[in-house]
Structures are given as structure tokens and as C-alpha cells.
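**Q** Sending over a structure as C-alpha cells; questions will come in a sec.
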Amino acid sequence: MKPWQTPGDFCGGIPLADRKSLSCEAPIRFAGTPHHLLYPLDLPSGHRAVPIVRAGDSVKSGMPMAICPDGFDPPICATSSGIVIFQEGPSHLGPDTPLIGIETDGLDLKSPPLPRLEGEALCPEQVLERLHACGILGMGGAGFPTNEKIKRLWGPLQLLIINGAECEPFLTCDERALREKANEVLRSAELLARIFNIPRILVALESSRTSAMASLRTALNTGEFSLCGLFALPDRYPAGGERQLIQTVSGLRMNGGTHPVDHGMLCLNVQTVLAVGAAIEKGESLTRRIITISGSGIQQPSNLDVLIGTPIEFLLEACGGIRPGLQHLILGGPMMGFSVSSTQIPVTKTTTALLVLDPSELPAPSNAVEQPCIRCGACMDTCPQGLLPQSLHDQVRAKRMAEVESLHLLDCIECGCCDVVCPSLIPLTDRFRAGKKLLRRYLADERLARKAQSRHQARLARLQRDQLEREQEAEARKNALGQGAQPQIQEALERARLKRAQRLNAAKDSGKTDDSEPN
């Protein structure tokens, strides 16, 4: 048994100083409306949205501005009113991402909401269409469309898990949502459970989040939420990872390539559940989310209710600005987030936090000098997926993709635990992230090669089949000639003689006619 593992718990992981006290006591407040709102057209799924508005058009909050061509991702909706603009600029996807934006007019006009779903309209098919139309997707980081997540279901759902675990340091946005909106979260969860016939709901969060636990217990004690219960998770990173959460709650360890719905479980983030409830009951599109602004470099650490598309510069100003000398910006948590150099990057639906840190506060040093691996095995002991990071590292560096695939690199969740414990300061997570790109390209090439080989083999089989059929037909004709075919042959010859005689007679008659004519 690996360190920190108990029966029913996930393997590996590491304890981290939570640093949540900086922001967890401040109530959620609205950040305000910036002068510009920006929306990257490149979506988390890898697709690119196609604009359905033109520069200069007037839009209102909730109005669709761009759609995914294949209908997989939900539409990109305006989050305030104003005039449409197009440009290229920095985003979490790169320095020159195509963007669609709004010059806000300060009026925050809203488009008419969709009708409330009730009665016969409150059925699974209608609800899935509504979630897509309202732009609902996973707000915990992955950004997978919620309607597509539920569509993967092949059998009845047995458990709905509300993931309230914020296992990364500094993050408290979901905790504040649970403390201030516990009744709303539970009501939305029960609404979803009754629509999809889910008999049980668990709200899972770390055992140290006592204030959020107290708010949930107060709501549960009213007796209004009969399907709901609480589950205390270990205070160990990454307890909030979906697979780790499933294993802790149910004892089930999912194999690579499977999803919770394959096992009768649906796992949703706290803010996703709130957005689902608003879409069903109020017909509201997802236009805002709560994010944490924290770190030693922030003057006033806060949890802000933010319009999707708000540039992070606006949020820094809303929190009093940055302390002098501290400029290390991170979107997301310190473990799985990424450093950014521009303050014009907009908030997306999956942005959980904006941190301003001193480099010494990072769990893994960002400018460390890498040393050779000493084969200590610490990375293996802490990997929550049970992988072999040291072997993966060797194979990735050698670009032996077949071996990399056999070591299940795609099961890596990029949590960064191996980076933290590595005494040689090897940036394992960055290497694995780059290795995944190479592996996906290798697998795509392999699929194309197998497809081409399959087509070639099918062609050879078809040619052999056609040749065999021709040979069989020739043999059948040959056999027919040798088995009583003389009468037919004689009949054919007789017909040919008759036709020849008819032609000769016709020619003779024609000659006689010509001789009898006068000169």
C-alpha cells in the first residue's frame, strides 16, 4: 500500500498547505462590467467556433454570438450588452487567438430568457437541449459540455456527486458558493436527480472545510432535500480529481478510457450545478461565474462574481491591484494552472482562480536547475493514477511512443505531484504534457496507417473474389458445353443459317428488281 492510502481512498497524492484563509472569509461580490469583454473562438474541446454576428452588431446578454459547426460545444453567448468587435489577442490558448468581443454600453441589457421547463417539458431530452442552448459546461477546469457528458450514459444513473473539493492551495470560490448558496446548490442537484431518476446525491468536500459543511448541514436539516447527503474527503491533493473522487466515494477504481457515467455515476462541479438549475428553472444562459483572486501579491484577496470574458486586468484593479515587486500571474491553481504574461487574457467558463504569487510560494520551483534522475521512486509513490513517472520520463525523452502508450501516459491527469516530490527538480509534468501531444499524433498516424492497410487488404480480397467468380463462371460455361449442350449449339447454328439464307435471298431479290427497270 502506497503512502497516505487507506481502504476506499485513492493512492498517492501529497498534503499541501492550503493558504485558503486569504480569501475564504470575504463574501462574494460582483466585479462589475468592464469596457471590453473578450471570448476566444478556440474552444476547450479543440474545435473553433464560427461567428454568427458581424462587427458593429448590437447584442444583449445571453444572445448567441458564435456556434460550433458540428454542434458538439455549446454556443458562445454575450455576457453583457454592447457592440460586437473582432480581433486577435492573448488568451489561455496562445498569444494570437482569434477573439470575438463586445464594447459594452454599461446598460447590461438582457435578451429574453428561454421559457421555464416544467410539466411535460421537464424530460431528459428537453433538458439536454436546454443545457446546450444555455452554454452549460464543466466549470471545474475541463470544460466538457454537460449535455454531452450525460449523453454518454448507457445505463441508469445511481449516484450524483457534487464535487466541492478545491484541493489546490488558495482556491475558495466553490467553498464560498456552498457557504452562501447551499440551498440553491441542493435544490438544483435534486431537480437534476429527479429528471434523470438518480436515487442518491452526495456533496463531497474536504473535511477541513468546516464552514461549508455547516452551511450544507443547516440546509439538509430542514428536511427539504431528501436525496442529498455529505461526504468528507481527505485533505490531500488531488482529492478533487474526478477519478480520485470516484474512488474515494465509491471504492471503484476506473480503468483508463472509462468515464463515471459508464459506472452509473455523474460527477458535476458546484458552479456547474448552479448553472444547470438556472438554465432549467429560469432559462438563463451561463454568463457569469465565481473565481478566486488571491496570493501574496494581491492587495485585497477576494471571491468575485465575474462576467465571462472579463480581462484579468480589470479583476486585478477590482482587488486593489498588485503589490510592488510581485508579478507572477497564474490562471488556475498553483499546481495545475499556468503562468500568464499578459493582463488582457479574458476569464472563460473554466477559469477558477487568478493568483499573484512570489516564486517562492510555488509548490514546484519554476526556475530550478534540473539534475539527473536518481531513481528514488518518490514520483511513483505519490502518483494518484498509479503510473510509473520515472519510466514514462525515459520513454518520452527517447520518443518511444509504443512504450509510452503501454505505460498509459494518457491516464496522467497532470496534477504535478511528481514535480513537487522530485529531488532532481525534473519538470515531469511539462514533459508528460508534451509527450501526450506526441503520443496523440503517433496514435492518429497509427489509426490512419491501419485504416489504409485495411482498405488495401479489402481491395486485395475484392480482386481475389472477383477473379474467383470469373474463374467459376468460365468453368460453369465449359461444363455446360460438355454436358448436353449440342442441341442448343445446333439450334444456334440453324438460326445463323436461316439468317444468312434470308440475307442472300434479299440480295437476289434486290438484284432482279434493278435489272427489270427500263433504261
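**Q** Whole-Hz ³J(HN,Hα) for each residue in segment 11-23, computed from phi via Karplus 6.51 cos²θ - 1.76 cosθ + 1.60 with θ = phi - 60°, x for glycine and proline: what do you get?
**A** Taking θ as phi minus 60°, the curve returns 7, x, x, 9, x, 10, 5, 6, 6, 7, 5, 4, 10 Hz for segment 11-23.
**Q** Compare the Cα positions of Gly297, His393, Asn147 along the charge dipole of the chain (+1 at Cβ of Lys, Arg; -1 at Cβ of Asp, Glu; about the Cα centre) and return the one farthest towards the positive end.
**A** His393
**Q** Another question about this same structure. Semi-axes of the chain's equivalent ellipsoid from the Cα gyration tensor, sqrt of 5 times each eigenvalue, largest first, rounded to whole Å?
**A** In descending order, the three semi-axes are 64, 32, 26 Å.
**Q** If you don't mind, another one. In a shell of Cβ-Cβ distance under 13 Å around Leu425, excluding Leu425 itself, what net charge do Lys and Arg (+1) and Asp and Glu (-1) give?
**A** Net of charged neighbours comes to -2.
**Q** Please list 3J(HN,Hα) in residue order for segment 342-349, calculated via the Karplus relation 6.51 cos²θ - 1.76 cosθ + 1.60 where θ = phi - 60°; whole Hz, with x for glycine and proline.
**A** 10, 8, 8, 5, x, 6, 10, 5
**Q** Here's a follow-up. Could you work out how far helix 428-482 tilts from the main Cα principal axis of the chain, as a 0 to 90 degree angle to the nearest 10?
**A** 20
**Q** For the Cα atoms of the chain, what angle does the longest principal axis make with the long axis of helix 486-516, in degrees from 0 to 90, nearest 10?
**A** So the helix axis and the longest Cα principal axis differ by about 60 degrees.
**Q** In whole Hz and in residue order, list the ³J(HN,Hα) couplings for segment 43-51 that follow from phi through the Karplus curve 6.51 cos²θ - 1.76 cosθ + 1.60, θ = phi - 60°; x for Gly and Pro.
**A** In residue order, the calculated couplings are 9, x, 6, x, 7, 10, 6, 10, x Hz.
**Q** With unit charges on the beta carbon (Lys/Arg positive, Asp/Glu negative), name the residue among Leu38, Gly325, Leu315 whose Cα is farthest towards the positive pole of the charge dipole of the chain.
**A** Leu38
**Q** Something else now. Please arrange Ser188, Ser360, Ser208, Ser250 by counting, for each residue, the other beta carbons lying within 10 Å of its beta carbon, fewest first.
**A** Ser360, Ser208, Ser250, Ser188
**Q** Name the shape class, rounded, prolate or oblate, that the alpha-carbon gyration tensor gives for segment 232-388, where a ≥ b ≥ c are the square roots of its eigenvalues, rounded holds for a/c under 1.5, and otherwise prolate holds if a/b is larger than b/c and oblate otherwise.
**A** Oblate.
**Q** About the Cα centre, and with charges only on the beta carbon of Lys, Arg (+1) and Asp, Glu (-1), how big is the dipole of segment 364-468? Nearest 20 debye, please.
**A** In debye, rounded to 20, segment 364-468 gives about 860.
**Q** On alpha-carbon atoms, Rg over Rh for segment 264-334 using Kirkwood Rh?
**A** 1.09
**Q** Taking the 0 to 90 degree range and rounding to the nearest ten, how far is the long axis of helix 210-220 tilted relative to the main principal axis of the chain, both from C-alpha atoms?
**A** Approximately 70 degrees, to the nearest 10.
**Q** Moving on to the next point. Skipping prolines and chain starts, which residues have an amide H placed within reach, meaning under 5 Å, of the one on Ile100, given they are 5 or more residues away or on another chain?
**A** Tyr39, Leu41
**Q** What residues qualify as long-range amide H neighbours of Arg288, i.e. H under 5 Å apart, gap of 5 or more or another chain, H built at 1.01 Å from N?
**A** Distant-sequence amide H within range of Arg288: Ile308.
**Q** Scan around Leu233 for amide H atoms under 5 Å from its own, H built in the peptide plane at 1.01 Å from N, and keep only partners 5 or more places away or cross-chain.
**A** Amide H neighbours of Leu233, under 5 Å, 5+ apart: Leu205, Glu206, Ser207.
**Q** Now for a separate question. Where does the chain land at 222 nm, in deg cm²/dmol rounded to the nearest 500, when only DSSP H runs of n ≥ 4 count, each adding -39500 (n - 2.57), divided by all residues?
**A** Only helices count here, giving -11500 deg cm²/dmol.
**Q** Rounded to the nearest 20 debye, what is the charge dipole size of the chain about its Cα centre when +1 sits on each Lys and Arg Cβ and -1 on each Asp and Glu Cβ?
**A** Computed about the Cα centre, the dipole is about 1520 debye.
**Q** Cα atoms only: what Rg and Dmax, in Å, come out for segment 137-240?
**A** Looking at segment 137-240, its Cα Rg and Dmax stand at 13.8, 38 Å.
**Q** Sticking with this one: Translational diffusion coefficient of segment 373-416 at 4 °C, 1.567 mPa s, Stokes-Einstein with Kirkwood Rh over Cα pairs, in µm²/s as a whole number.
**A** 121
**Q** At a threshold of 8 angstrom on Cα-Cα distance, excluding pairs fewer than six apart, so keeping six or more, what relative contact order does the chain reach in percent?
**A** 16
**Q** A further question follows. Just the number, please: Stokes-Einstein D of segment 305-427 in µm²/s, Kirkwood Rh from C-alpha pairs, 25 °C, 0.890 mPa s.
**A** The Stokes-Einstein estimate is 147 µm²/s.
**Q** On to the next question. Could you give P(r) for segment 62-190, binned at 10 Å from zero, as whole percent values over all Cα-Cα pairs?
**A** That works out to 9, 28, 38, 22, 3, in percent per bin.
**Q** Report Rg (one decimal) and Dmax (nearest whole number) for segment 364-468, counting Cα atoms only, units Å.
**A** According to the Cα coordinates of segment 364-468, Rg and Dmax are 19.7, 69 Å.
Rule-based calculations on the coordinates, nothing more; no lab input. Since the structure is predicted, the reported quantities are computational estimates derived from the model, not experimental observations. With ideal geometry, Cβ positions are generated from the backbone for all residues, glycine too; neighbour counts draw on all protein chains shown.
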